[in-house]
Amino acid sequence: MAEEKLDFALVSSRAEVKTRCQRVCEDFGYSFGNSATIEEFLEKGEPGRVVLADCVVSDTKEAAAEFAQGIRFKAPTCFLICVVSDRLDKEGAAFIKKSGASLILLQDELMNMSKLEYACTQMVKADYLPVKTSDFSIGKPLPFGVYHLLPMRKKFLQCAFEGAEFTDEKLKKLSEVGELYIKKSAAEEFKKYVSSMNDRSAAGLARRCRGQFLALYASYSELVLLLTDQSEQSSFKQGEELVKKCRLLAGELMTALGEFGNAWEIVNNSSIGEFGSTERAPAIAAYAALFGLQMNLNNIDDMMMAALLADVGLLLLPPAISAKIRDQKLDRFTEEEKAVYRKYPLRSLDVILTRKLPLEEKLRDLMLATHERADGTGFPKGITGRKLTEGAQLIHFCREFDRRTLIRMGVQRVDQKEARVQIINEELNHPGMFSPVFSEKLRQAFLKMNN
């Protein structure tokens, strides 16, 4: 049965909140519904995958908590975002979180930052992760459900339930459907499922790499949502555990990519990520691992972690700036927008340090340098070539490589080899992004990959 849920349901009577949420849904193609009051929502409102409750209108934290409880009663499985007054303290936010909210946003964050966009993409489209029919084994019970997408209706249809076993005939039929999907919450089980096959063939290694990449993606998403939450519930301990988990999964993925050697097939097999670089960070980390291995660089796990954390600050940018990033129209920034954008790496670091998450000094420096250029025209500090590490340059390259090869509606897909050649040739003709030594290392590594 296809899931027919509304994508986004708003409970608010304020025109400015409705306009903000409608714009997000229009930008991403999400279905939208609005109830002016909690009473209207409970009586005839349609539950959505994401429900945003405007709790700013509530007089007390107790009233806001009742608001959240009422919505949770009507929509028990939704991702509930509660927007609260900027004056509410963390204890009050935690009280509302315990009443059923999935995420707490301050009013200023809703209206003037891009946290809403990230939360929506994670809970609507990116709640389903792409897999291949070749990832499944005949006669092996599934520890999770499997879905396929109905493109015309933009709905997911469950084609296999937990505990079911695929037959050869069913897998052949499903291969005609195209891409299959699992719920993001099942990513860890999927990793265990594919790893248990002990298949050392090329197909088996690809299967294992995909499982590890999707597990990393899911854990990273959980970490970012934790970092965006204003409630005290978002604890230091939980954040520390997620950082450690991401590092462990990144290391496992690096090892698997070293054996398989084709991050392109694993990472770019679907349009995971539709919101700037924050959502694409796991892809950039995977490319850094693959290219770093080809270049024989050290401390690749640090590069992967820096790639994961460096773009968290994008979520603090105003919606208008984020929209231009999504559309790859950075050349249309106003001078004021450009100045705000060029400070976002510093804000990424601030988010991590404010949560008191463990971060070594070398990793902090690496995070801040991934937009720097050898000619000193990068940001946020204008570091020149002599001080620019190979790790920072590699992440910069991988971000640009990902931008050019990302699958986008209405834009012709660029071949990954062509993208690599384009970047290298542009650097040879107009040097400045990378140091000459690093450019030559890249060129030699790509020659080796092409042979």
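The values are calculated or read from the model by the stated rules, or taken from the named source; none is laboratory data. This is a predicted model, so every value here is computed, not measured. Positions of Cβ are backbone-derived with ideal geometry, glycine not excepted, and every protein chain shown enters the neighbour counts.
Determine which member of the set GLU265, GLU274, GLU279 is among the acidic types (Asp, Glu) and either at pLDDT 95 or above or assigned to a helix (DSSP H, G or I) (or both).
Only one candidate qualifies: GLU265.
For ALA101, state whether it is part of a loop (DSSP other than H, G, I, E, B), crowded, with 21+ Cβ neighbours inside 10 Å and not polar (S, T, N, Q).
Working: part of a loop (DSSP other than H, G, I, E, B): yes; crowded, with 21+ Cβ neighbours inside 10 Å: yes; not polar (S, T, N, Q): yes.
Answer is yes for this residue.
If LEU349 satisfies all but one of (1) over 25 Å from GLU240 (Cα atoms); (2) at pLDDT 95 or above; (3) among the aliphatic types (A, V, I, L, M), what's the number of the condition it fails?
Evaluating LEU349 over (1) over 25 Å from GLU240 (Cα atoms); (2) at pLDDT 95 or above; (3) among the aliphatic types (A, V, I, L, M) leaves (1) as the failure.
Exactly one condition in (1) surrounded by 13 or more Cβ atoms within 10 Å (Cβ to Cβ); (2) of a type in the set (Gly, Ala, Ser); (3) in the same structural domain as ALA263 (by TED's automatic domain parsing) is not met by SER201; state its number.
Going through the list (1) surrounded by 13 or more Cβ atoms within 10 Å (Cβ to Cβ); (2) of a type in the set (Gly, Ala, Ser); (3) in the same structural domain as ALA263 (by TED's automatic domain parsing), SER201 breaks only (1).
Which ones in segment 141-181 are exposed (fewer than 13 other Cβ atoms within 10 Å of the Cβ) and not acidic (Asp, Glu)?
PRO141, PRO151, MET152, ARG153, PHE161, GLY163, THR167, LYS172, LYS173, SER175, GLY178
Test each condition in (1) at pLDDT below 95; (2) in contact with a Phe, Trp or Tyr (Cβ under 7 Å, 6 or more places away or on another chain); (3) closer than 24 Å to LEU88 by Cα for THR60 and report the one that comes out false.
All conditions pass for THR60, except number (2).
Taking the conditions exactly as written (in the same structural domain as ALA286 (by TED's automatic domain parsing) and under 19 Å from MET303 (Cα atoms)), does LYS441 satisfy them or not?
Numbers: in the same structural domain as ALA286 (by TED's automatic domain parsing): yes; under 19 Å from MET303 (Cα atoms): yes.
Spelling it out, LYS441 is indeed in the same structural domain as ALA286 (by TED's automatic domain parsing) and under 19 Å from MET303 (Cα atoms).
Does LYS97 fit the bill of being farther than 18 Å from ASP7 by Cβ, among the basic types (Lys, Arg) and touching a residue at least 60 places away in the same chain (Cβ under 8 Å)? Explain how you work it out, then say what you get.
On the way: farther than 18 Å from ASP7 by Cβ: yes; among the basic types (Lys, Arg): yes; touching a residue at least 60 places away in the same chain (Cβ under 8 Å): yes.
Yes.
Only one of these conditions is not met by ALA53: (1) farther than 22 Å from ARG326 by Cβ; (2) out of contact with any Asp or Glu (no Cβ under 9 Å at 6 or more places or on another chain); (3) part of a helix (DSSP H, G or I). Which number is it?
Unmet for ALA53, out of (1) farther than 22 Å from ARG326 by Cβ; (2) out of contact with any Asp or Glu (no Cβ under 9 Å at 6 or more places or on another chain); (3) part of a helix (DSSP H, G or I): (3).
Sort out which residues of segment 229-251 are in contact with an Asp or Glu (Cβ under 8 Å, 6 or more places away or on another chain) and either under 24 Å from PHE190 (Cα atoms) or surrounded by fewer than 22 Cβ atoms within 10 Å (Cβ to Cβ) (or both), and write them in order of number. Reasoning before the result, please.
Initial filter on segment 229-251 (in contact with an Asp or Glu (Cβ under 8 Å, 6 or more places away or on another chain)): 230, 232, 242, 247, 250-251.
Matches in segment 229-251: GLU232, LEU242, ARG247, ALA250, GLY251.
Every residue in segment 3-41 that is farther than 21 Å from GLN122 by Cβ, exposed (fewer than 15 other Cβ atoms within 10 Å of the Cβ) and in contact (Cβ under 8 Å) with a residue 40 or more places away in the chain, please.
Answer for segment 3-41, where residues must be farther than 21 Å from GLN122 by Cβ, exposed (fewer than 15 other Cβ atoms within 10 Å of the Cβ) and in contact (Cβ under 8 Å) with a residue 40 or more places away in the chain: SER13, GLU16.
Go through (1) touching a Phe, Trp or Tyr at 6+ places or on another chain (Cβ under 9 Å); (2) part of a helix (DSSP H, G or I); (3) among the hydrophobic types (A, V, I, L, M, F, W, C) for MET254 and report which single condition fails.
Of (1) touching a Phe, Trp or Tyr at 6+ places or on another chain (Cβ under 9 Å); (2) part of a helix (DSSP H, G or I); (3) among the hydrophobic types (A, V, I, L, M, F, W, C), only one is false for MET254: (1).
Please specify each residue of segment 374-389 satisfying the condition of being closer than 19 Å to VAL437 by Cβ and under 25 Å from the mean Cα position of the chain (by Cα).
GLY378
Filter segment 1-36 for residues that are more than 23 Å from ASP108 (Cβ to Cβ) and modelled with pLDDT of 95 or more; which is farthest from the chain's Cα centre (by Cα)?
In this case the residue turns out to be SER35.
Among residues belonging to segment 387-400 that are in contact (Cβ under 8 Å) with a residue 40 or more places away in the chain and of a type outside the set (A, V, I, L, M), point out the one that is surrounded by the fewest Cβ atoms within 10 Å (Cβ to Cβ).
GLU390
Please determine, by comparing only the residues of segment 56-87 that are assigned to a loop (DSSP other than H, G, I, E, B) and free of Cβ contacts under 8 Å to residues at least 60 places away in the same chain, which one is surrounded by the fewest Cβ atoms within 10 Å (Cβ to Cβ). Please lay out each step first, then the result.
Step one: list which residues in segment 56-87 are assigned to a loop (DSSP other than H, G, I, E, B), which gives 58-60, 75-78, 85-87.
The next check asks that each one be free of Cβ contacts under 8 Å to residues at least 60 places away in the same chain; those that pass are 58-60, 76-77, 85-87.
On the way: SER58: 21, ASP59: 7, THR60: 9, PRO76: 10, THR77: 9, SER85: 16, ASP86: 10, ARG87: 9.
Per the stated criteria, the residue is ASP59.
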